[in-house]
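The values are calculated or read from the model by the stated rules, or taken from the named source; none is laboratory data. Bear in mind the structure is a predicted one, so any value in this text is a computation, not a measurement. A quick note on method: Cβ atoms are made from the backbone with ideal geometry, for glycine too, and the neighbour counts reach across all protein chains shown. SASA here: full protein model, heavy atoms, side chains in, ligands and nucleic acids out. Shrake-Rupley method; radii C 1.70, N 1.55, O 1.52, S 1.80 Å.
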Amino acid sequence: MYINKAKIIVVKIGSSNLVDGKGKLKEKWLKSFVKDIKNFKKKGKYFVIVSSGAIALGQNYLKVKKKKLKIEMSQALASIGQIYLTNIYRKMFDKNKIKIGQILISPDDTEQRRRAINIKRTFENLFKLGAIPIVNENDTTATSEIKYGDNDRLAARVAQIISANVLINFSDVDGLYNSKKNKKIIKEVKNINDEIYSFVDYKKNSYGSGGMSTKLEAARICMSSGCYMAIANGKHINPLAKLINSNVCTWFLPKVSSLDARKKWIVSSIGSNGKIYIDYGAAKALENGKSLLPAGITKVEGNFLKGENILIVDDAGKSVARGLTSFSSNEIKKIKGLKSEEIENILGYSSKSEIIHRDDMVKL
Ligand code: GLU
């Protein structure tokens, strides 16, 4: 069992685990979950809890029934519900003599390299203090364009940044089922291919924002980061102990990878502010491990700054690599298709000639 061997474990709690159909906190469940964490922590494991529930608890607290909330309203409800949520955790963990810390994350905190390193340190220092980080998206300031929106991918990105060994993604299903008629849980997934995507049931539960497709995206991040991920049903009392005893879940196994931590971070980015289109010759060069030069660029899409994590796409529209660009989208527009020697003349200043250096790039 991968959990027994793991040192750093991220547990993602969905709103439906924490809150019942009427929007009330499932206190007995939470007590049993906290007991589980206490027992496993004694074995020298470090835990991070990524918990949803701020919006659902805020709704319940203010008796707001409406399910489809406007973003401004969910921001305000999250602001109220998040205090409530953290307080509940604090009370429960206090009783077990365990300290907690709260970390609210916005996409920039994980998607900008410097900030990602900074949050990694915060996690490590909380571990040193013996505290359990309780994480949620910073829903109070998140707008629809700048938002994870689901804690599945957020939890996976956190797992990747702190080099966790296991992410347990608790929700209200037992795992990924192979088909609708003959419902059988897939035990292990080594590769997320079209067949796996065909098993996605697009129905969502009443509170959570994620679904099976965001869970698969989370799994993809984990798999390229060396982290095992389980989709499991968290509704049982003592959910962790139950999972370890029964192993009823779907495990996503990490890929063998020679990438260092920085490249793992590059490849598992959750989005891209732009795309750089390249011709056949450049695609071949990248395949052979070369850097991206302006000569092979045919088109730029989106607005981005130097240093951003950008997708490189071939002429058929297929993503071939991703990397940290050394030029802004405006600069690339001016020098695309040109020879490296011409860059200085066009831009008016000298610079390097690689648009994305191979050390800053990962093939997909
Ligand atoms: N961050 C949201 C909340 O705490 C939930 C996101 C999700 O359901 O994954 O309410």
task: List every residue pair whose Cβ atoms sit under 7 Å apart, with the two residues 6 or more apart in sequence or on different chains, where the first one lies in the stretch 66-95 and is over 23 Å from residue 146 (Cβ atoms) and aromatic (Phe, Trp, Tyr) and the second, anywhere, is open to solvent by 20 Å² or more (accessible area, probe 1.4 Å) and within 13 Å of the ligand (Cβ to nearest atom).
output: 84/61
- line: Only one of 209, 225 is closer than 23 Å to residue 321 by Cα and modelled with pLDDT under 95, namely 225
field: strands (runs of 3 or more DSSP E) wholly inside the stretch 1-105 containing at least 3 residues that are under 21 Å from residue 239 (Cβ atoms) and within 13 Å of the ligand (Cβ to nearest atom)
entry: 46-51
- prompt: Which one is surrounded by the most Cβ atoms within 10 Å (Cβ to Cβ) among residues in the stretch 96-149 that are among the aliphatic types (A, V, I, L, M) and over 16 Å from the mean Cα position of the chain (by Cα)?
  reply: 132
query: Considering the stretch 273-287 alone, what residues qualify as being open to solvent by 50 Å² or more (accessible area, probe 1.4 Å) and either part of a helix (DSSP H, G or I) or more than 26 Å from residue 217 (Cα to Cα) (or both)?
result: 279, 280, 284, 287
query: (1) surrounded by fewer than 18 Cβ atoms within 10 Å (Cβ to Cβ); (2) over 30 Å from residue 190 (Cβ atoms); (3) among the aliphatic types (A, V, I, L, M): which one isn't true of residue 270, the others all being true?
result: (2)
Scope the stretch 32-52; condition within 20 Å of residue 136 (Cβ to Cβ) and open to solvent by 10 Å² or more (accessible area, probe 1.4 Å); matching residues: 46, 52
- request: Identify all residues within the stretch 209-262 that are free of Cβ contacts under 8 Å to residues at least 24 places away in the same chain, among the charged types (D, E, K, R) and either closer than 15 Å to residue 9 by Cβ or assigned to a loop (DSSP other than H, G, I, E, B) (or both); write none if there are none.
  value: 260
- request: Give the stretch 156-184 a look and list any residue that's at pLDDT below 95, away from the ligand (no atom under 14 Å from the Cβ) and part of a strand (DSSP E or B), or say none.
  value: 177
query: Taking interchain pairs and intrachain pairs at least six residues apart, which have beta carbon atoms under 8 angstrom, with the first residue in the stretch 163-176 and closer than 13 Å to residue 253 by Cα and touching a residue at least 40 places away in the same chain (Cβ under 8 Å) and the second buried (at least 19 other Cβ atoms within 10 Å of the Cβ) and aromatic (Phe, Trp, Tyr)?
result: 165/228; 166/228; 167/228
message: Can you list residue pairs whose Cβ atoms sit under 6 Å apart, with the first residue in the stretch 114-135 being closer than 19 Å to residue 37 by Cβ and the second being open to solvent by 80 Å² or more (accessible area, probe 1.4 Å) and not in a helix (DSSP H, G or I)? Count only pairs 6 or more apart in sequence or on different chains.
response: 127/46; 131/99; 134/102
field: Looking only at the stretch 128-155, and only at residues there that are of a type in the set (A, V, I, L, M) and within 12 Å of the ligand (Cβ to nearest atom), the one that is farthest from residue 250 (Cα to Cα)
entry: 142
task: Scan the stretch 34-54 and report the pairs whose first residue is closer than 19 Å to residue 14 by Cβ and of a type in the set (Phe, Trp, Tyr) and whose second residue is open to solvent by less than 10 Å² (accessible area, probe 1.4 Å) and not in a helix (DSSP H, G or I), with Cβ atoms within less than 6 Å and a gap of 6+ or a chain change.
output: 47/9; 47/132
query: residue 142: of a type in the set (Gly, Ala, Ser) and within 26 Å of residue 38 (Cβ to Cβ), yes or no?
result: no
